[in-house]
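So the structure is just underneath, and the comments pick up after that.
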Amino acid sequence: MDTLLYVIARVLVGFIQLLPLRVVARLGRMGGALVYRLDARHRHVANGNLARCFPEKSAGEVKRLAKENFRCIGENFASAVKTAGMSPEELRPHLEFIVPPEFTLPAGGTPPSVVVAIGHFGNFELYARLGTVCAGYQGATTYRGLRQPSLNRLLQSLRAKSGC
């Protein structure tokens, strides 16, 4: 079963990486909307959490927020798969890194050792690629391993390809 799951996931990754990024993002949003409809357990958790966070919102507003959250998660997952296979040159038109002045190095300068923690929002894997536009720095990410060994290897290979 693990091998079959790996083959299906590898074909899906290969297909996603062939498509333009904007198409991938749209497909990811559609996939997130589908998951919202099919995954009752997580849908109920999301709706409940949002209702507790925003007691002033109506049930319809909470439902719309939850559905949009699932769409964004789908978009981010699909985009992360696509961008993992993109070179820095291919990514450049889609990204804007605003580097604070204190992180800009003079020629031949040594970067200070810093740890920057970010929220777990969006395609956070891209932050690990900061070194491609911010000379002297190296990015890194952490993740929780997947339960399926073959899918975990696939994720590791995508991260290695992108420099994570």
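The values are calculated or read from the model by the stated rules, or taken from the named source; none is laboratory data. Only a predicted model underlies this, so the values are computations on that prediction, with no experimental measurement involved. Ideal geometry is used to build each Cβ from the backbone, glycine not excepted, and the neighbour counts take in all protein chains shown. Just the protein is used for accessible areas: all its heavy atoms, side chains included, with ligands, DNA and RNA removed. Shrake-Rupley method; radii C 1.70, N 1.55, O 1.52, S 1.80 Å.
Here are some notes:
- Residue that is surrounded by the most Cβ atoms within 10 Å (Cβ to Cβ), among those in segment 28-69 that are among the polar types (S, T, N, Q) and out of contact with any Gly (no Cβ under 9 Å at 6 or more places or on another chain): ASN47
- Of the numbered criteria (1) free of Cβ contacts under 8 Å to residues at least 24 places away in the same chain; (2) under 14 Å from the mean Cα position of the chain (by Cα), the one LYS63 fails is (2).
- Boolean, CYS134 is modelled with pLDDT under 75, crowded, with 16+ Cβ neighbours inside 10 Å and farther than 14 Å from THR83 by Cβ: yes
- So LYS63, is it in a loop (DSSP other than H, G, I, E, B) and of a type in the set (Lys, Arg): no
- The conditions of being within 24 Å of SER157 (Cα to Cα), modelled with pLDDT under 95 and not β-branched (Val, Ile, Thr) are met by PHE77.
- Residue count for segment 137-164 satisfying the condition of being at positive phi and modelled with pLDDT of 75 or more: 0.
- Checked against the criterion of being open to solvent by 70 Å² or more (accessible area, probe 1.4 Å), of a type in the set (Val, Ile, Thr) and either within 21 Å of LYS161 (Cβ to Cβ) or in a helix (DSSP H, G or I) (or both), the candidates VAL7, VAL13, VAL81, VAL23 yield just one match: VAL7.
- Unmet requirement for VAL99, which otherwise passes all of (1) open to solvent by less than 40 Å² (accessible area, probe 1.4 Å); (2) part of a loop (DSSP other than H, G, I, E, B): (1)
- Pair list, Cβ under 6 Å, 6 or more apart: segment 68-79 residue at positive phi, other residue modelled with pLDDT of 95 or more and surrounded by fewer than 21 Cβ atoms within 10 Å (Cβ to Cβ): none
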